Amino acid sequence: MGAALAIGIGVLGLSPATLADMEPWEVGKAYLAKMYYDHHRDRAVLEAARLSGYLAVAPHLKKGSVRSPQDLMSFPWEEKAKPAKDLRMTDAQKRIAQRWDEQSKIKNQAEHGQ
């Protein structure tokens, strides 16, 4: 209950009486809801600040150099996902893996007396 007490009073700002009426799992759910809310609020604040900055500098920029606030500054959640790295093994890696398997089989046979 110590962690639930710390989160309930310290992070969520609940009164001790309210916290006493809650189950620990309810405190956990309330904490997740607060984190979700805070995350989206922070994103909205950052995007509003970017828009404000864009509108302030737009008249002073060369026409067409910055077409949108995203051109001025991008956030990590706006970046496109990078394509997955090719995870196929090369021929050299396959040979090494095969030798490794063979050596581990020999070692297991020696340990088990086969």
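The values are calculated or read from the model by the stated rules, or taken from the named source; none is laboratory data. Just so it is clear, the structure is predicted and the values come from calculations on it, not from any experiment. In this analysis, Cβ positions are derived from the backbone assuming ideal geometry, glycine residues included, and neighbour counts consider all displayed protein chains. Accessible surface areas use protein heavy atoms only, side chains included; no ligands, DNA or RNA. Shrake-Rupley method; radii C 1.70, N 1.55, O 1.52, S 1.80 Å.
In this simple spin-label model, placing a label point 7 Å from the Cα along the Cα-to-Cβ direction at both Gln70 and Glu102 gives a separation of 5.3 nm. Roughly how tilted is helix 24-57, in degrees to the nearest 10 and between 0 and 90, from the longest Cα axis of the chain? Helix 24-57 sits roughly 60 degrees off the main axis of the chain.
To the nearest 10 degrees, how steeply does helix 91-112 sit against the main Cα axis of the chain, on a 0 to 90 scale? Computed tilt is about 60 degrees. Rounded, prolate or oblate: pick one for the chain, where a ≥ b ≥ c are the square roots of the eigenvalues of its C-alpha gyration tensor, a/c under 1.5 means rounded, and failing that, prolate if a/b is larger than b/c, else oblate. Note, shape of the chain comes out oblate.
For the pair Glu23 and Ser52, a Förster radius of 30 Å applied to the C-beta separation gives a FRET efficiency near 0.10, rounded to the nearest 0.05. To the nearest 10, the accessible area of Glu102 is 90 Å² with a 1.4 Å probe. Rounded to the nearest percent, how much of the accessible area of the chain (1.4 Å probe, protein heavy atoms only) is carbon and sulfur? Using a 1.4 Å probe with all protein chains present, the chain comes out at 59 percent carbon and sulfur. Residue order by solvent-accessible surface for Arg95, Arg41, Arg67, Arg50 is Arg67, Arg95, Arg41, Arg50, largest first, with ligands and nucleic acids left out and a 1.4 Å probe.
Ranking Ile9, Ile106 from most to least accessible surface, computed with a 1.4 Å probe over the protein chains only, gives Ile106, Ile9. Among Val27, Val66, the order of accessible area from largest down is Val66, Val27, computed with a 1.4 Å probe on protein heavy atoms. Solvent-accessible surface of the chain, taken per residue with a 1.4 Å probe and all protein chains present: 86 Å².
Solvent-accessible surface (1.4 Å probe) assigned to Glu78 amounts to roughly 60 Å².
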